[in-house]
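Input: a single structure, listed below in structure tokens.
The values are calculated or read from the model by the stated rules, or taken from the named source; none is laboratory data. All values reported here derive from a predicted model rather than from experimental measurement. Note that we place each Cβ from the backbone using ideal geometry, even for glycine, and neighbour counts take in every protein chain shown.
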């Protein structure tokens with residue numbers, strides 16, 4: 001069982017675990033499975049995602065669905081604002097959960113912005129714009145679910161609903177390449193583990209659990 005109390009008797013700081021990858025890589029499924037597994041080991045866990053369900057995140061989602069037309073630079077800036085609110089919001093901010101000893105498992109964080117917004121505004125812009133967030137919090141562990149763009153598109157094509165702006169092969173391929181660049185840039189500062197996202201959800205979940213057990 002995971003010890004949730006520090007040696008001094010106060011709650012230990014929670015751990016911030018992020019799952020990353022292309023759309024359809026299975027992040028949402030694996031976030032839920034990882035959280036459930038951590039709870040069986042004695043952790044208190046909060047599950048979250050970016051963009052958030054808050055007002056800024058909702059605007060981003062509406063833009064992706066084509067309901068609110070926004071310039072790429074505006075979208076990139078909104079992600080920065082949504083992320084800072086995600087961390088600091090007095091009601092459900094990530095930093096608050098961590099301070100109370102609650103582990104946080106997030107579907108996406110800064111690495112996603114580097115992958116998805118760099119093609120529109122440049123990676124250096126994204127890096128500098130997210131410095132406020134990274135100074136506030138870096139993940140204790142990032143798990144990158146590696147799924148080739150063509151495989152991601154096949155999965156997306158089986159889904160129902162309105163596709164968002166990134167659900168086409170060209171943009172997925174560019175995001176995949178930018179993920180590789182971003183991981184190379186951040187690997188000295190952040191603990192990033194690459195896991196194959198192919199196979200059944202159970203197989204991927206086992207790989208995720210093994211990575212968490214080995215790194216934290």
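Among what's in segment 64-79 and is without any contact (Cβ under 8 Å) to a residue 40 or more places away in the chain and touching a helix residue (DSSP H, G or I) at 6+ places or on another chain (Cβ under 6 Å), pick the residue that is farthest from residue 111 (Cα to Cα). Across segment 64-79, the extreme among qualifying residues is 68.
Of 101, 122, 96, all but one fail to be closer than 23 Å to residue 32 by Cα and out of contact with any strand residue (DSSP E or B) (no Cβ under 7 Å at 6 or more places or on another chain); the exception is 96.
Name every residue in segment 94-109 that is in contact with a helix residue (DSSP H, G or I) (Cβ under 9 Å, 6 or more places away or on another chain), outside any strand (DSSP E or B) and either modelled with pLDDT under 95 or under 19 Å from residue 40 (Cα atoms) (or both), in order of residue number.
Taking segment 94-109 and keeping what is in contact with a helix residue (DSSP H, G or I) (Cβ under 9 Å, 6 or more places away or on another chain), we get 94-96, 102-109.
After this cut, where a residue has to be outside any strand (DSSP E or B) as well, the list is 94-96, 102, 108-109.
Result: 102, single match.
Residue 139 meets each of the listed conditions (1) touching a residue at least 40 places away in the same chain (Cβ under 8 Å); (2) more than 19 Å from residue 80 (Cα to Cα); (3) outside any helix (DSSP H, G or I); (4) in contact with a helix residue (DSSP H, G or I) (Cβ under 9 Å, 6 or more places away or on another chain) apart from (2).
One residue stands out among those in segment 166-185 that are surrounded by 14 or more Cβ atoms within 10 Å (Cβ to Cβ) and more than 15 Å from residue 149 (Cβ to Cβ): the one that is modelled with the lowest pLDDT, which is 185.
Is it the case that some residue within segment 142-159 is surrounded by fewer than 19 Cβ atoms within 10 Å (Cβ to Cβ), more than 19 Å from residue 24 (Cα to Cα) and modelled with pLDDT of 95 or more? The answer is no; no qualifying residue exists. Pairing residues of segment 12-29 that are at positive phi and touching a residue at least 60 places away in the same chain (Cβ under 8 Å) with residues that are in a strand (DSSP E or B) and surrounded by fewer than 21 Cβ atoms within 10 Å (Cβ to Cβ), at Cβ distances under 8 Å and at least 6 apart in sequence or on separate chains, gives 21/146.
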